[in-house]
Structures are given as structure tokens and as C-alpha cells.
Amino acid sequence: MSNDIIPLTMCSAVVTLDQYVPGWTLADFIGDAKPGPRRYEHYVRFNTPFSNIPLVHAGIAGFDIDNRDTGRLGLAVEDINREGFKLVIRTWMHTRVYQVEVSWLAIGNA
């Protein structure tokens, strides 16, 4: 067993995504049609790349959803690499999402 100590690096932030960013379709009104899932992707780039692929944790810190329908909201982290990762926000049916705040934390080797 080795007693080597491997230094870790952490970085974190809160990202606010809303209906004013290009490509946001989560607030679109669908009408009477039964719409499928809708998603918005946002790439987060680390200020300094990690030396390996870090562990990334993300959570919804806040949201603004239209009150005329059930609040349906999902969050995922995809495509993690040394330079960054992709946040994916999902909704479905008639839910209209106007804003989502996401808090994230990345931990990896320095």
C-alpha cells in the first residue's frame, strides 16, 4: 500500500439559464398537442483543466416554472472531460420552464 498523497482540486459555480439565452425552448407553449420531452444543453468550461476526468455533481438551486401546469423538471450531467461538462435541463408535456439555477461542483486531480 502506498502512502502517496494526491492533491485534489475543486471548482464550483452557480449557473443561471433562462428564456433569454439562445436556443432555450423550455418555455415554449405547445397548445393542445402532446409534446415529447424538451431539453436544453449548456456547456460548462473549467477555468483550468483537470489532469484527469473529475467527479462532477450538480443540483437544481432554483427555478421559475409556469403555474398553469404541473412542474416537470430534470437535470443531468453529461460528457464530462478534463476541460468541462454538459448540463442538460429537461422538461416534458405542457410544462413551461422560464429559468433554472444550477449549482455544480467538480473534484479531481490537480
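Quick notes
- Among all residues of the stretch 42-63, there is at least one that is closer than 18 Å to ILE107 by Cβ, in contact with a Ser or Thr (Cβ under 8 Å, 6 or more places away or on another chain) and among the hydroxyl-bearing types (Ser, Thr, Tyr).
- From ARG45, ARG38, residue being surrounded by 14 or more Cβ atoms within 10 Å (Cβ to Cβ) and either modelled with pLDDT of 95 or more or out of contact with any helix residue (DSSP H, G or I) (no Cβ under 6 Å at 6 or more places or on another chain) (or both): ARG38
- Cross-chain or 6+ apart pairs with Cβ under 6 Å, the stretch 37-48 first and closer than 14 Å to SER103 by Cα, then aromatic (Phe, Trp, Tyr) and surrounded by 14 or more Cβ atoms within 10 Å (Cβ to Cβ): VAL44/PHE85
- Strands (runs of 3 or more DSSP E) wholly inside the stretch 17-110 that include at least 1 residues being of a type in the set (Asp, Glu), over 30 Å from ILE5 (Cβ atoms) and out of contact with any Leu (no Cβ under 9 Å at 6 or more places or on another chain): 55-65
- Any hit, the stretch 63-82, residues being at negative phi, hydroxyl-bearing (Ser, Thr, Tyr) and surrounded by 14 or more Cβ atoms within 10 Å (Cβ to Cβ): no
- Contact map, the stretch 89-110: first residue free of Cβ contacts under 8 Å to residues at least 24 places away in the same chain, second residue assigned to a strand (DSSP E or B), Cβ cut-off under 8 Å, separation 6 or more or different chains; the map is empty.
The values are calculated or read from the model by the stated rules, or taken from the named source; none is laboratory data. This structure is a prediction, so every number in the text was calculated from the model and none was measured. Because the Cβ atoms are built from the backbone with ideal geometry, glycine has one as well, and the counts that use them run over all protein chains shown.
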